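This report refers to the structure that appears directly beneath it.
Readers should treat all values here as calculations from the given coordinates under stated rules, not as data from a laboratory. Not measured: the values here are computed from a predicted model. Glycine gets a Cβ as well: all are built from the backbone with ideal geometry, and neighbour counts include every protein chain shown.
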Amino acid sequence: MSTKTDSTLVRALDRCEPLSDRFNPILVKEVRQFLRARSFGWTFVTLVVVVAVIGALIVLSDEPRPSADLGASFTALLVWMLGIGTLVIVPLQAYQSLGSEWEAETFDQLTLSGLSPRQILGGKWLSAALQSLLILLAFVPFVALGFLMRGVDLLALGVVLVIILATSFWASALALAVSSMARARATRVVLYVLIAVATFMGVGMVASFAMELLGQPDRIGQAGFLGAFTTFLVVGTVLAGFCFEYGCGQLAHPEENTSTPLRVLTLAGTVLVLAWVALAAWLGWIPSRAVEALGALTTGGLGVLSMLWTAERQRLGRRVAHDLARPGSRTRMLPAMLLPGGSRGAVFSYVLLSLGAVYTVFGAEFGGSFHMDESRWLGVWLLCYYSFFVAMPAALLARFCQRGAGAWAVRLVMVLFLAACVVVPAVAGLLFGSNFLVNIEHPLNPFWVLPEAADGSLSMPTVVSVVVLGVVGLLVNVPRIFRGTKEILRARAGRFDDDDPAVVRSRERMLEM
């Protein structure tokens, strides 16, 4: 009888095992580490003490005026302190938490433990989110005190807190993505300073918006605010997911297929954002003109992000090639544009930007005129500029992308090529006395063409020139796209190409050593 009771007790204890064993081990490690660290404790105490002291000074200074708006002043202080804690300190600590793995040379131990990149980065991201929640919970009594002082709308204050917390989550994801790229100490220091400056600027922007909203709380019930607020949350969440997936790709093995998850997430996020904007416009939360503007902004953002997969190395990789040859594999069922490779990345970018361009043209309204000088064609001009400034250099320099750091060098060439196309005609204008070229008003300057297109004042020669640029970039990419398609067909048939040149060079170096 006792044996049966003991076994029942053991099973019950097994079911009641510590919850920490069921969580992400990186999350448990990070939480224990920051709770035991002195830096978090001192930061936590300092923020609370500063709020308490300055809040007392505000109350004492306004004591002779009982009718003074103490709540607004005290809440402004809370927003600033809470912003510094969650938008500056927490993302910087997240950045350092991953950087410490490189500096202490413990990242290899994490990979040998069997943890996936998503578990590693996800644990650190959840740890940063938990830190933000702890700081917010510590400020809850002060928030209640500010509300009791009057002059503060409770709903507006809740919206401000949601924005601060969400922005903190997104900033931590961005910090982790940046940290995953930089492994050299000097690079890490520079990026740390840049992130610190950017987050401080973000605190100022959030505080300004918070003060404006708290001063006019009746705006919350307006349809325009609902549309802007929900769109802000949707877009921010999609971008944070992109940063997280990109960071996971940086931590993965070079032979792993990191391109497909990132492209699938980008495609799903783009469809989600565009669908939400259309739904918000249908509900009357945003005007039809905003649909056109948001579609153009989405297309422009995709054009910038497309530099990542357009400049990838051309080869599929051995693991992906073998998966394609296996009947019934999930990789074999994927569209070619979602598979790794710069040529397939170019096709994916053309499809994605074309989706944004069509949305910009028809998203606001299906009727009306379709003159080429209207602002609804902004997405088309962005597609043409992507073809010329991003896809064309990537096609011409495709062989350099096979090297380790060659892809980033090609992306740098894209930026320099854009700068040269803007500046060189201006120098030629000085020599030939052309005022338009001197003022940088020519089709090679997208920073002049796009504002002109938004105002609906583009001339027909400029329109034709921009279209020609896009066609030239597409024609240059045709041979590259053809080679990429041929590689896919060979892999599906089980005929693999030779080893990747980068892998061959790495083996040769090891043999020489």
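Assuming a ≥ b ≥ c are the square roots of the Cα gyration tensor eigenvalues, decide whether the chain counts as rounded (a/c under 1.5), prolate (otherwise, with a/b larger than b/c) or oblate. The shape class here is oblate. By other beta-carbon atoms within 10 Å, ranking His322, His253 with the fewest at the front produces His253, His322.
Express the relative contact order of segment 222-499 as a whole percentage, based on alpha carbon pairs under 8 Å and six or more residues apart in sequence.
Values: 358 pairs, mean separation 58.0, N = 278.
It comes to 21 percent, rounded to a whole number.
Each peptide in 92-99, 424-431 receives the mean, over its residues, of other Cβ atoms within 10 Å, and ordering these scores from highest gives 92-99, 424-431. Is segment 222-499 best put as rounded, prolate or oblate by its Cα gyration tensor, with a ≥ b ≥ c the root eigenvalues, rounded for a/c under 1.5, and otherwise prolate when a/b is larger than b/c, oblate when not? Here segment 222-499 falls in the oblate category. Each peptide among 240-246, 155-161 gets the average number of other Cβ atoms lying within 10 Å of its residues, and from highest to lowest they stand as 240-246, 155-161.
Net charge near Ala398, counting Lys/Arg +1 and Asp/Glu -1 over other residues with Cβ under 11 Å of its Cβ?
Details: positive: Arg313, Arg315, Arg399, Arg480, Arg483; negative: Glu312.
Once all neighbours under 11 Å are counted, the net charge is +4.
If the segment from Met333 to Ala138 were pulled out straight at 0.36 nm per residue, it would be longer than the present Cα-Cα gap by 65.2 nm. Span-like helices, the chain: DSSP H, alpha-carbon axial extent 27 Å or more, mean Kyte-Doolittle 1.6 or greater, which ones? Counting only whole DSSP H runs, the qualifying helices are 38-61, 154-181, 406-432.
Rounded, prolate or oblate for segment 217-368? Axes are the square roots of the Cα gyration tensor eigenvalues, ordered a ≥ b ≥ c, and the cut-off for rounded is a/c under 1.5. Prolate, because a/c is 1.5 or more and a/b exceeds b/c. Take every pair of alpha-carbon atoms less than 8 Å apart whose residues are at least six positions apart; their mean separation over the length of segment 186-333 yields a relative contact order of 22 percent. Given their separation in residues at 0.36 nm each and the Cα-Cα distance between them, Thr46 and Phe209 gain 56.2 nm when the chain is fully extended. List the relative contact order of segment 22-221 as a percent without decimals, with contacts defined as Cα pairs under 8 Å and 6+ residues apart. Computed over segment 22-221, the figure is 34 percent.
Using 0.36 nm per residue, how much length does the chain from Ala184 to Arg492 gain when fully extended, once their Cα-Cα distance is taken away?
On the way: separation 308, 0.36 × 308 = 110.88 nm, distance 3.92 nm.
Residue separation times 0.36 nm, minus the Cα-Cα distance, leaves 107.0 nm.
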